[in-house]
Amino acid sequence: MDSKEKAGVVFIRLHSGKDLFASLAEACKKHKVKTAIVLSAVGMLQDFELGYFKAKGNYAKQCFKKPHELVALSGIIMKLGNDYNFHLHAALANERKKVIGGHLVSAKVKVTAEIVLLKSSAKLRRVLDKETGLLALKP
């Protein structure tokens, strides 16, 4: 993982074979991120899992083994205790340019991933929403 920060913007390059979430957590620790917004991300992922929210805390999940181009990534990263909480959604394209997307559950980097984060001083938290069963954002 290579990274650099300037004026609250963190530029990250993740390397092939690395776990996307573990590597992002490492970068967040290095740059003392408390809260961040994903501004941009490109690259390629493999062995990734996408989820689709069905009902009250229930996600329909699907695994994809073959590499796909990461064409978009959005979401919020926040430090909760000693760990990082990621709420990320991704759009990925296969070799035929067919795009799939959803809640990114897990992923490994293939070739590279270049991610840009905007740090924020906002103190956010997540609380259980009884209606949806989700850990919802509580600004």
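The values are calculated or read from the model by the stated rules, or taken from the named source; none is laboratory data. Please read these numbers as outputs of a predicted model, since none were measured by experiment. Here the Cβ positions follow ideal geometry from the backbone for every residue, glycine too, while neighbour counts run over all protein chains shown.
Of note:
- In this entry, residue 133 is excluded by the filter for residues that are of a type outside the set (A, V, I, L, M), at positive phi and within 17 Å of the chain's Cα centre (by Cα).
- Residue ID - surrounded by the most Cβ atoms within 10 Å (Cβ to Cβ), chosen from residues in the range 85-98 that are part of a loop (DSSP other than H, G, I, E, B) and out of contact with any Asp or Glu (no Cβ under 9 Å at 6 or more places or on another chain): 98
- Residue 116 vs. criteria in a strand (DSSP E or B), more than 17 Å from the chain's Cα centre (by Cα) and among the β-branched types (Val, Ile, Thr): no
- For the range 65-84, the count of residues that are among the hydrophobic types (A, V, I, L, M, F, W, C), more than 29 Å from residue 132 (Cβ to Cβ) and surrounded by fewer than 18 Cβ atoms within 10 Å (Cβ to Cβ) is zero.
- Restricted to the range 99-139, and to residues there that are within 30 Å of residue 67 (Cα to Cα) and touching a Pro at 6+ places or on another chain (Cβ under 9 Å), the residue that is surrounded by the fewest Cβ atoms within 10 Å (Cβ to Cβ) is 111.
- Residue in the range 13-32 that is out of contact with any strand residue (DSSP E or B) (no Cβ under 6 Å at 6 or more places or on another chain) and of a type in the set (S, T, N, Q) present: no
- When every residue of the range 45-62 is checked against the conditions, at least one turns out to be under 26 Å from residue 11 (Cα atoms), of a type in the set (Phe, Trp, Tyr) and either touching a residue at least 12 places away in the same chain (Cβ under 8 Å) or in a strand (DSSP E or B) (or both).
- Only one of 20, 39 that is closer than 13 Å to residue 112 by Cα, within 13 Å of the chain's Cα centre (by Cα) and of a type in the set (A, V, I, L, M, F, W, C): 20
- Taken together, the residues in the range 3-17 that are under 14 Å from residue 116 (Cβ atoms), assigned to a strand (DSSP E or B) and not basic (Lys, Arg) amount to 7.
- Condition met for residue 60 (closer than 18 Å to residue 113 by Cα and out of contact with any helix residue (DSSP H, G or I) (no Cβ under 6 Å at 6 or more places or on another chain)): no
- Any pair with Cβ under 9 angstrom, 6 or more apart, that starts in the range 1-24 at a residue that is of a type in the set (Val, Ile, Thr) and ends at one that is exposed (fewer than 14 other Cβ atoms within 10 Å of the Cβ) and at pLDDT 95 or above: 10/4; 10/30; 12/2; 12/4
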